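Q: Take this structure first; my questions come after.
No lab work stands behind these numbers, since they all come straight from the coordinates. In this text the structure is predicted, and so the values were computed from the model without any measurement. Methodologically, a virtual Cβ is constructed for each residue, glycine included, from the backbone with ideal geometry; neighbour enumeration extends over all protein chains shown.
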């Protein structure tokens, strides 16, 4: 008789564990999605910075600004340094709150 009483008290215990497991899975999924989105924004920012730096080295700051805008970026820093054999350009851009820096040169 005692066996059946024990079974009845344990009834429904799995529901609490299942709810905790589901909450944990949802939390991990949201965290992974956030990291993936941040990684995508960083990749987009780096691509825009690379393209703007190359454009700046070959055609100047106006061209770098135009290319950055075409990639959805905003230039937050632009620098041209003349070298012995050409020009070195450093560009820092921001895309969706994520910044990236790139450098390009006309030197061989």
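Q: So how far, in whole Å, is the C-alpha centre of the stretch 16-47 from the one of the stretch 80-104?
A: About 32 Å separates the Cα centre of the stretch 16-47 from the one of the stretch 80-104.
Q: Let me have the 222 nm mean residue ellipticity of the chain computed from DSSP H runs of 4+ only, each contributing -39500 (n - 2.57), with the sum over all residues rounded to the nearest 500.
A: -21500 deg cm²/dmol
Q: What relative contact order, as a whole-number percentage, does the chain give when Cα pairs under 8 Å and 6 or more residues apart are counted?
A: It rounds to 24 percent for the chain.
Q: In addition: Once the principal axes of the Cα atoms of the chain are found, what is the range along each, listed largest first in whole angstroms?
A: Rounded to whole Å, the extents work out to 95, 24, 16 Å.
Q: Would you mind checking the tilt of helix 13-59 against the longest principal axis of the Cα atoms of the chain, expressed as 0 to 90 degrees and rounded to 10?
A: 0
Q: With each pseudo-label sitting 7 Å past Cα toward Cβ, what's the residue 26-residue 41 distance in nm, one decimal?
A: In this crude spin-label approximation the distance works out to 2.4 nm.
Q: Rounding to the nearest 10 and keeping the result within 0 to 90°, find how far the Cα-based axis of helix 61-70 lies from the longest principal axis of the chain.
A: The two axes meet at around 30 degrees.
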